[in-house]
Amino acid sequence: MPYPVTSRALLAACGLLSSLFTAPVVLAGNEVNLYSARKEDLIKPLLDDFSRQTGITVNLVTGKEEALLQRLNSEGTNTPADLLLTSDAGRLVAAQKAGVLQAVKSTALDQVIPTSYRDPAGYWYGLSMRARPILYARDRVKPAELSTYEDLAAPQWKGRICLRSSDSVYNQSLVAGMIAHHGETQTEAWAKGLVANLARPPKGGDRDQIKAVAAGECDITLANTYYLGGMLASSDSAEQQAATQVAVFWPNAQSTGVHVNVSGAGVTAHARNRDQAVKLLEFLASDTAQRWYAEVNNEYPVNPAIPPSATLQAWGAFKADTLNVAKLGELNAAAVKLMDRAGWK
Ligand code: FE
């Protein structure tokens, strides 16, 4: 009975071999391991679609943005993750700087994702675009009174603005964009003016700012549009009601355009299933996936050829800032320090 003997010999050999390695050996199969900061219901159906089309199994781990990055960092070369999916260029650049991503070259990705929505060296690619315009109380502000982000520091807005805190990466990225366009000195003066116009100390998330505007605590705020979209579609009638009292204004139409950011993904530095990870990235950038991926979270497709959802179209077209979102990450540290100096809590 040679088989059991061979098997025992093999096992012994394996034991010997594995003792040579200090790290556990994980064999690559036809699978891809995804660490996703995007919630399961916002991505799972797409992943199932991908698996059906390619035969590649996707093992999904979801978590908070910061926790996933920390996990990748601490797992180092032993990480099972092949692809990191997270939101905000600030976080994508942070992951790149931490050394947990690797550069990927893909003609398919380069063809559909505009250069401003991906890392120039291919460490990460934007998969959905989100805009952070001015939101205002329909009954107390006329759109004609609004113009630019810069103008929100003007005295006419004294005591009328609600803002999320400077801990929010969304506001950090917005300020980083201002630095890229105007430099630090001018941006700091602007941030001080903005802080002086606050109706209350910064607190809460984007939805809370929208609710505060609806409740009359303030007249304008800055928020990502998908929060407004989510509230409009909410099963909570108070939330839905609040959202109907607030409207979108697209600022900076004559100058730099609306501040935009991305959710995106990058192949991990130690990916064992690199090819499968790239295939998944390419799938997420493909037409059908783009439409679904953006629409399910009220975001904009990064591919300009794909029309946004009806909800987003109802808010009108806008000029998006063409600054490469990578800049937002590069200037993140400067933005955080500047917000602190400006007294932005
Ligand atoms: Fe968000």
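The values are calculated or read from the model by the stated rules, or taken from the named source; none is laboratory data. None of these values were measured; they are calculated from a predicted model. No Cβ is skipped: glycine too gets one built from the backbone with ideal geometry, and neighbour counts run over all protein chains shown. These accessible areas exclude ligands, DNA and RNA; they are computed on the full protein's heavy atoms, side chains included. Shrake-Rupley method; radii C 1.70, N 1.55, O 1.52, S 1.80 Å.
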Wholly enclosed helices (runs of 4 or more DSSP H) of segment 289-345 bearing at least 3 residues at pLDDT below 95, surrounded by fewer than 18 Cβ atoms within 10 Å (Cβ to Cβ) and not aliphatic (A, V, I, L, M): none
It is to be established whether one or more residues within segment 119-135 are open to solvent by 20 Å² or more (accessible area, probe 1.4 Å), among the hydrophobic types (A, V, I, L, M, F, W, C) and in the same structural domain as TYR293 (by TED's automatic domain parsing). yes
Among the residues of segment 220-232, what is the count of those that are under 21 Å from GLY343 (Cβ atoms) and either among the polar types (S, T, N, Q) or more than 16 Å from the ligand (Cβ to nearest atom) (or both)? 2
Out of (1) in the same structural domain as GLY90 (by TED's automatic domain parsing); (2) within 16 Å of the ligand (Cβ to nearest atom), the one GLY204 does not meet is (1)
In segment 71-90, the residues that are among the small types (Gly, Ala, Ser) and either more than 16 Å from the ligand (Cβ to nearest atom) or more than 9 Å from the chain's Cα centre (by Cα) (or both): SER74, GLY76, ALA81
Scan segment 147-171 for residues that are within 16 Å of the ligand (Cβ to nearest atom) and free of Cβ contacts under 8 Å to residues at least 40 places away in the same chain and jot them down. ASP167, SER168
Can you name every residue in segment 226-266 that is β-branched (Val, Ile, Thr), closer than 21 Å to SER309 by Cα and in contact with a Ser or Thr (Cβ under 9 Å, 6 or more places away or on another chain)? VAL246, VAL248, VAL260, VAL262
Is segment 160-173 home to any residue that is more than 17 Å from GLY329 (Cα to Cα), assigned to a helix (DSSP H, G or I) and modelled with pLDDT of 95 or more? no
I'd like the full set of residues that are surrounded by fewer than 24 Cβ atoms within 10 Å (Cβ to Cβ) and not hydrophobic (A, V, I, L, M, F, W, C), limited to segment 269-285. HIS270, ARG272, ARG274, ASP275, LYS279, GLU282
Flag for LEU109 being touching a residue at least 40 places away in the same chain (Cβ under 8 Å) and within 16 Å of the ligand (Cβ to nearest atom): no
Between LYS211, LYS279, which is within 16 Å of the ligand (Cβ to nearest atom) and of a type in the set (Lys, Arg)? LYS211
Here is a check on your reading of the model: is VAL100 open to solvent by less than 30 Å² (accessible area, probe 1.4 Å), more than 18 Å from the chain's Cα centre (by Cα) and on the phi < 0 side of the Ramachandran plot? no
Sole residue being within 22 Å of ARG272 (Cβ to Cβ), surrounded by fewer than 13 Cβ atoms within 10 Å (Cβ to Cβ), at pLDDT 95 or above and assigned by TED's automatic domain parsing to the domain that holds VAL296, chosen from ASN33, ASN78: ASN78
What number of residues within segment 233-259 are assigned to a helix (DSSP H, G or I) and either within 16 Å of the ligand (Cβ to nearest atom) or surrounded by 21 or more Cβ atoms within 10 Å (Cβ to Cβ) (or both)? 3
For ALA144, only one of the following conditions fails: (1) surrounded by fewer than 19 Cβ atoms within 10 Å (Cβ to Cβ); (2) among the hydrophobic types (A, V, I, L, M, F, W, C); (3) in contact with a Gly (Cβ under 7 Å, 6 or more places away or on another chain). What is its number? (3)
